[in-house]
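Reviewing the structure listed below.
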Amino acid sequence: MASRRGGCGPEFERALVPQYTAHGGIRFASRRRRALPWQELLLLCALVALVALAYVLLTAEFAATPTLAILSPASDATMAAGAVTVSVRVENANRLIAEQGAHLHYYLDVEPPTTPGRPALTPSSSCFSTPEASHTWRLTASGRHLLSVQLVRANDTPLSPAVVATVNVRVLASTSAAAAAPAAPAPKPSASGC
């Protein structure tokens, strides 16, 4: 036996509820029940959608696998002897780099070590460790050269799965004037001993 009384608006409903009096009688009293207005329902739906979107975005950020691509030199490029800058693009690794100290190892003429849990180090003349997205090698010997880059953890161990990019380049024999010039010094080893 619910009835609407004027002055309360559509969000309130009056219901007659039986109450027992001290003398054993019954009287019906009016009690207000508040219904959920459409504005509150809409706000609740928007809040649920926002939480779901935040969950998806955060999950994608933490679950995305890092990728690594060598931008230059191009694979199978032919070039003159001298300085060759390897430039890379790293994606989905911002958290690894900022919070966990991940960095890059640049390799020359060696296969990058990718054994999980073991340091990805090679002799210092074939490896250079840095957080930078480029490194310059001095290629004086003619022939084919293997240039590789690997994203590693702060302790120099590879990620699992390993994140590696590799290109082959061909260096042409130097001219007589360049051959007479002294050879460029080998790159300095990094602090990590790479």
I need the phi-derived Karplus couplings for the range 141-151: 6.51 cos²θ - 1.76 cosθ + 1.60, θ = phi - 60°, integer Hz, Gly and Pro marked x.
7, 6, x, 8, 9, 9, 10, 10, 9, 9, 8
For His105, His145, His23, which order do you get if you count the other beta carbons within 10 Å of each Cβ and list the fewest first?
His23, His145, His105
Given 0.36 nm per residue, what is the gain on full extension from Tyr20 to Arg118 after removing their alpha carbon distance, in nm?
27.2 nm
Rounded if a/c under 1.5, otherwise prolate or oblate - the range 106-164, Cα gyration tensor axes
prolate
Just to verify a number: FRET efficiency for Ala74 and Ala46, C-beta to C-beta distance, R0 = 45 Å, to 0.05?
0.40
From the square roots a ≥ b ≥ c of the eigenvalues of the alpha-carbon gyration tensor of the range 67-175, which class results: rounded (a/c under 1.5), prolate (a/b over b/c), or oblate?
prolate
Fewest-first sequence of Arg138, Arg144 by Cβ atoms within 10 Å of each Cβ:
Arg144, Arg138
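Every number in this text was worked out from the coordinates using simple rules, so none of it is lab data. Because the structure is predicted, anything quoted here is derived from the model rather than measured. All Cβ positions, even for glycine, are placed from backbone atoms using ideal geometry, and neighbour counts span all protein chains on display.
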